Each structure stands twice: as structure tokens, then as C-alpha cells.
Amino acid sequence: MTTPIIPTEMTFFARFESDILSGKKTITIRDEAERHYVPGTTVDVSTYEDGRWFCRLEILSVEPIAFSDLNDFHAQQENMTLTELKAVINDIYPGIEKLYVVNYTLVK
Ligand SMILES: CC(=O)Nc1ccn([C@@H]2O[C@H](CO)[C@@H](O)[C@H]2O)c(=O)n1
């Protein structure tokens, strides 16, 4: 088993920037490749499209979630309906069942 390097950066699609900055979106759901965020650490956040830095987030928790177990509470924390959230995830991670809920808070 190799020790994963603690990630210090995270990217989001630019369309989610305002929801993150206003505190309406407090989780993100990622795949296996992005499961190594560590609670208590801080990440620099930039847009996926052009790498523009826009905030720092403190990681609060990283919990496994099956795609089929996503519920209205996850959707609420994404500021979406569950139908929208599932469509978004299906788009980014097609056919992936094993996902991770990353809870974060904005660092002032
Ligand atoms: C840019 C990049 O590397 N990856 C991702 C992966 C996910 N997300 C968002 O997290 C939530 C659940 O997946 C939804 O709101 C997604 O749109 C994102 O913005 N960027």
C-alpha cells in the first residue's frame, strides 16, 4: 500500500463557482481518483476550464456513497434536485457506482 499524497488543490466546473462562494453548495461528489482529500486540510480551488483560482475550502469529511444511495439530502447540499444531481454525476462519471461525498466549508 502506498501512502497517497495529500491533495492541496481541487477544481470545479466554473458554473458552480457562485453556488460555492454563496455557501449554497456545501458538498461535491467525486470518484475514486479524488477520494484522498483529508479532513482538516485546506485546498486551493480553481475552475476546471481555465484554472482560475477562486477560493479556499477546508475539507470537513470524505465518505463513500453509492450512486444508487444518493438522496434528496445530497441534492439539497448541492443546491439541485436529485434528478439534476444524478444527471450531472452521470455526465461526469458515467456508469460509476462507487463515489465519495466530500463535505467542505469556505475558508475566509
Ligand atoms: C472539474 C472536475 O475536475 N471535476 C468535478 C467533479 C464534480 N463537480 C461537481 O461536484 C458535484 C457532484 O459531482 C456536482 O456539483 C459536480 O458538478 C465539479 O464541479 N467538478
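Please count how many residues of segment 1-44 are surrounded by 13 or more Cβ atoms within 10 Å (Cβ to Cβ), within 11 Å of the ligand (Cβ to nearest atom) and in a helix (DSSP H, G or I).
Summing the residues that are surrounded by 13 or more Cβ atoms within 10 Å (Cβ to Cβ), within 11 Å of the ligand (Cβ to nearest atom) and in a helix (DSSP H, G or I) in segment 1-44 gives 6.
In segment 75-94, what residues are open to solvent by less than 70 Å² (accessible area, probe 1.4 Å), over 13 Å from Thr26 (Cα atoms) and charged (D, E, K, R)?
Lys86
Hey, can you tell me all the residues within segment 52-74 that are outside any strand (DSSP E or B) and surrounded by 17 or more Cβ atoms within 10 Å (Cβ to Cβ)?
Leu70, His74
Checking Tyr100 against (1) part of a loop (DSSP other than H, G, I, E, B); (2) touching a Lys or Arg at 6+ places or on another chain (Cβ under 7 Å); (3) closer than 23 Å to Pro7 by Cα, only one condition comes out false. Which one?
(1)
Scan Leu57, Leu70, Leu85, Leu21 and give me the residue that is under 15 Å from the mean Cα position of the chain (by Cα) and closer than 11 Å to Val102 by Cβ.
Leu57
Is it true that some residue in segment 89-102 is over 14 Å from the mean Cα position of the chain (by Cα), closer than 15 Å to Phe12 by Cα and within 12 Å of the ligand (Cβ to nearest atom)?
Checked segment 89-102: at least one residue is over 14 Å from the mean Cα position of the chain (by Cα), closer than 15 Å to Phe12 by Cα and within 12 Å of the ligand (Cβ to nearest atom).
The values are calculated or read from the model by the stated rules, or taken from the named source; none is laboratory data. Bear in mind that the values here come from a model prediction, so they are computed numbers and not experimental data. Cβ: placed from backbone, ideal geometry, glycine included. Neighbour counts: every protein chain shown. Heavy atoms of the whole protein, side chains included, go into the accessibility calculation; ligands, DNA and RNA do not. Shrake-Rupley method; radii C 1.70, N 1.55, O 1.52, S 1.80 Å.
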